[in-house]
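For reference, the structure discussed in these notes is given below.
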Amino acid sequence: MLPSAPGLGSPWAPGVTTIPVRRERRTALAQMSRRLSLGFDGVELARIQAYFRRVGREPTDLELAGLAQSWSEHCSYKSSRPFLKAAFGKLRPRRRVLGTGDAGVMAFEDGYAYALRIESHNHPSAVEPYGGAATGIGGILRDVLAVGAKPIALADPLFFGPLTLGRTDVPEGIKSPRYLFDGVVAGIRDYGNRVGVPTVAGGIYFDRDYVVNPLVNVACVGFLPRARLLPNRARAVGDRLVLVGGLTGRDGIGGVSFASRELTERSETESRGAVQLGNPIMKEPLIHACLEAFDRKLVRGLKDLGGGGLATCSGELVHAGGFGSEIELAQVPLRETGLLPWEIWVSESQERMLLDVRPNDLPAVLAIFRRWDVPASDVGRVTRGPVERVLHAGRPAGELDVGFRVAPAPRHRPTRVPRTPPSRPSARVPDEALGDLVREMVLAPDSVSREPVIRMYDHEVFGHTILKPLHGAVGSPSHGDAAVLRPRTESWRGLALAVAAQPWACALDPRAGARWVVEEAARNLYAVGARPDAFTNCLNFGNPEDPRVLGQFAATVRGLADGARGLDLAVPSGNVSFYNGGLGAAIPPTPVLLATGVVPDVRRCTTQDLKTAGDPLYLLGSSHPELGGSLFARLHSIGRQPIPPTDPRRLRTLGEALLAAGRSGAVRAVHDVSDGGLAVALVEMAFGGGLGFSADLRATGLAASSIAAAAEGGSRWVVEVSPSGVSAFERALRGHPVARLGSVEPMGGQFRWGDEVRAEVDLQELYPRWRQGLLAG
């Protein structure tokens, strides 16, 4: 029997009000939920009504506010949990997976581990792009810190509408893509640079489907001694709960509820207060103070205060340990006066962590944070479960079964199986326009250089970045496939990071498209000499109450699991972001991966820029003619075409052969073939090396040179091999699909079909246009 809350003889704390629900009709309950912006549906209101009928009282505003945060889609994963469990639960945990809390933790080498996590900050960035993106970075840093890791790298996959659209080209109440783009990039730049964590990977994608709802995904990797790995749960009755970091204000109130509904033309005015305010100058000493407390074994468990604020954080922390809690809100350090108890409870003010500390260690912990000039306050204690009690100045503000609040039952919503394209030949590309086709794809918004953005981010702070986001000569940098870090100066072992996304393929065939995304991430890692190890995924989708959307989601997670299984990848963490869309628009299924790989020796990493004129070029992997999801199909508005076949197991075998060739010393440059096919891959390699190439497109085995240049299917790489290493390379690749493609030339880009030259590309004329193309958009 749950203890009952205070009765008539024991009034609630000042500022706490009760909300009648026990005797209300369904229509009145629904009106109450809308009026208070709680976001409950009919099923949830019925559960709340039944609960308070059972305990014999009405809920307080604080209790309903806490329930609204914890039961939101953003916090509870109520619609996605059944699908995630069915897909990823079947992956056998391996010995190298050390933890799956706020961030996944993977073994790296003896005594050390790395953490990885990706998150979304889509809705806040749509309303306030600078602050939304900045606090997204702040939140992902805390996720990694919350398992005991020091953040060492950031990544930022971003999706916008076309930058050519002006203010009058977008719906009322929606900001122009250029405004959103500039604000998001500035927010990431200012927060990441000021907190001192390098941004080493990412991606920028453009499509009209992201006009209403841009996607701002942020990822982080951390590093830690294994002995410092901490759980996201309370450890013992009597432990103190210590709130550390930034002061609490009214910013971010209702942030997770806002993120759990679609955008409208009124979101700008109605939900701006749900966007948090970041403070990177506070975050840096917070990280240092936490790491010192971790190293001194003074912290037993912890969580970060993200969505839902103290309510969600404290509830999840104690519930994970099987406990309850008592929280005193009057001890929470405030930024402003006059906050009501429920506002303190659910505020999402930034730069805050909640630590589980032994009572005897409390003075030492407080002293550490005082020395770092970081606020710290003892706000409560761990109690025997299952009840959480919330007080304000010693008087009750709420009392609930913590499991009822933070662990709602999953919602088994209906799904509709996605319709995939018919299996028919891809659209024909006219051969006579090959030169124009190459230039069109190289200068497309999704192909042009990201250097203007990359240069805004500090990607070298800490001095651990061995392979940077841009590869090639100083005067002619080009896109790299992956970044490589050397986390420990005492070891040559490296950690590679790569980002991958392919929403256009996923829109056509969610399961096969998801496998394509996993394959692309793995190819990027193999290209720099890393063995793929793990990925974390951010699953961006529309409204889960739409059976079509949930059907796409179910197929996508199965595809991701297929890819992970075939490539022997761990999936220790992830994030789901629903309700992306509004005003009649919906985003395509957009799974985004941050993948990691292990490099045995960073001195043997491979870059993508061509090295020496006269070197032979090889095409590794099987080519396929399907154009579904390709850059060419997007540029020419080609409809539903089949996407290329995927085979993660075969890719793994091929990737291992490529690594073996690299160990032989035969490989000088590698670039994966992805957006824009061979045309873009070869041109990017030439740009980076300041050289040229001659390529015979018959090496693909495809029927026409234009298809051979534009097709993106099968998992393939272009490989530059040293003349002295040809025998070793061919020996390592024996039995695998590999063909001589051409050679590195002093200048110019030549596409041949046998002895016939089909296109000559002036790379010197093209490079400055490609390099500045993002600024011209």
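Scanning the range 729-738 turns up no residue that is out of contact with any Phe, Trp or Tyr (no Cβ under 7 Å at 6 or more places or on another chain), over 29 Å from Arg652 (Cβ atoms) and surrounded by fewer than 23 Cβ atoms within 10 Å (Cβ to Cβ). Taken over the range 12-41, the residue count meeting the criterion of being under 21 Å from Trp345 (Cα atoms) and part of a helix (DSSP H, G or I) is 4. Only residues that are outside any loop (DSSP other than H, G, I, E, B) and open to solvent by 20 Å² or more (accessible area, probe 1.4 Å) were counted across the range 609-640, and they come to 3. Among the residues making up the range 226-248, those that are touching a Gly at 6+ places or on another chain (Cβ under 7 Å) and closer than 30 Å to Phe108 by Cα are Arg226, Arg228, Leu229, Leu230, Pro231, Asn232, Arg233, Ala234, Arg235.
When the range 185-202 is examined, which residues are found to be assigned to a strand (DSSP E or B) and surrounded by fewer than 19 Cβ atoms within 10 Å (Cβ to Cβ)? Quick ask: steps written out before the conclusion?
In the first step, residues of the range 185-202 are kept if they are assigned to a strand (DSSP E or B); the result is 199-202.
Of everything in the range 185-202, nothing turns out to be assigned to a strand (DSSP E or B) and surrounded by fewer than 19 Cβ atoms within 10 Å (Cβ to Cβ).
Candidates Arg663, Arg565, Arg604: the one that is under 30 Å from Val97 (Cα atoms) and touching a Gly at 6+ places or on another chain (Cβ under 8 Å) is Arg604.
Out of Ile140, Ile48, report the one residue that is touching a residue at least 12 places away in the same chain (Cβ under 8 Å) and under 30 Å from Asp446 (Cα atoms).
Sole residue among the options that is touching a residue at least 12 places away in the same chain (Cβ under 8 Å) and under 30 Å from Asp446 (Cα atoms): Ile140.
Looking at Gly559, Gly513, Gly563, just one residue is crowded, with 24+ Cβ neighbours inside 10 Å, touching a residue at least 60 places away in the same chain (Cβ under 8 Å) and touching a Lys or Arg at 6+ places or on another chain (Cβ under 9 Å), and that residue is Gly563. On the stretch given as the range 115-141, residues that are touching an Asp or Glu at 6+ places or on another chain (Cβ under 9 Å) and over 30 Å from Gly582 (Cα atoms) total 1. For Pro225, the conditions (1) closer than 29 Å to Thr383 by Cβ; (2) modelled with pLDDT of 80 or more are fulfilled apart from (1). Taking Glu720 as meeting all but one of (1) surrounded by fewer than 23 Cβ atoms within 10 Å (Cβ to Cβ); (2) over 20 Å from Leu631 (Cα atoms), write down the number of the exception. Only one criterion is unmet by Glu720, namely (1). Here Ser715 clears all of (1) modelled with pLDDT of 95 or more; (2) under 24 Å from Thr653 (Cβ atoms); (3) open to solvent by 10 Å² or more (accessible area, probe 1.4 Å) except the condition numbered (1).
For the range 355-362, does any single residue satisfy the condition of being free of Cβ contacts under 8 Å to residues at least 24 places away in the same chain, surrounded by fewer than 24 Cβ atoms within 10 Å (Cβ to Cβ) and over 20 Å from Leu64 (Cβ atoms)? The answer is yes, given that some residue of the range 355-362 is free of Cβ contacts under 8 Å to residues at least 24 places away in the same chain, surrounded by fewer than 24 Cβ atoms within 10 Å (Cβ to Cβ) and over 20 Å from Leu64 (Cβ atoms).
Table: residues versus (1) buried (at least 20 other Cβ atoms within 10 Å of the Cβ); (2) closer than 12 Å to Gly688 by Cβ.
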site: Met456; (1), (2): no, no
site: Gly463; (1), (2): no, no
site: Leu470; (1), (2): yes, yes
site: Val474; (1), (2): no, yes
site: Val484; (1), (2): yes, no
site: Trp492; (1), (2): no, no
site: Ala496; (1), (2): yes, no
site: Ala501; (1), (2): yes, no
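Could you run through the range 547-572 and say how many residues are in contact with a strand residue (DSSP E or B) (Cβ under 7 Å, 6 or more places away or on another chain) and more than 20 Å from Arg416 (Cβ to Cβ)? Residues meeting the conditions: 6. Residues in the range 292-324 that are in a helix (DSSP H, G or I) and open to solvent by 20 Å² or more (accessible area, probe 1.4 Å): 5 in all. Set side by side, the residues Ser623, Ser573, Ser637 differ, and just one is in contact (Cβ under 8 Å) with a residue 40 or more places away in the chain and over 30 Å from Trp492 (Cα atoms), which is Ser623.
Residues satisfying the criterion are absent from the range 651-658 (criterion: modelled with pLDDT under 95 and open to solvent by less than 20 Å² (accessible area, probe 1.4 Å)).
Let's see how each residue does on (1) buried (at least 24 other Cβ atoms within 10 Å of the Cβ); (2) over 15 Å from the mean Cα position of the chain (by Cα); (3) in a loop (DSSP other than H, G, I, E, B):
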| site | (1), (2), (3) |
| --- | --- |
| Leu98 | no, yes, no |
| Ala107 | no, yes, no |
| Leu116 | yes, no, no |
| Ala126 | yes, yes, no |
| Thr135 | yes, no, no |
| Arg142 | yes, no, no |
| Val147 | yes, yes, yes |
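Take the conditions (1) farther than 18 Å from Ala586 by Cβ; (2) buried (at least 24 other Cβ atoms within 10 Å of the Cβ); (3) touching a residue at least 60 places away in the same chain (Cβ under 8 Å); Cys538 misses just one of them, which is (1).
The values are calculated or read from the model by the stated rules, or taken from the named source; none is laboratory data. The structure presented is a predicted model; accordingly, all values stated were derived computationally and were not measured. FYI the Cβ positions are ideal-geometry reconstructions off the backbone, even for glycines, and counts take in every protein chain you see. Surface accessibility is based on the protein's heavy atoms, side chains included, excluding ligands, DNA and RNA. Shrake-Rupley method; radii C 1.70, N 1.55, O 1.52, S 1.80 Å.
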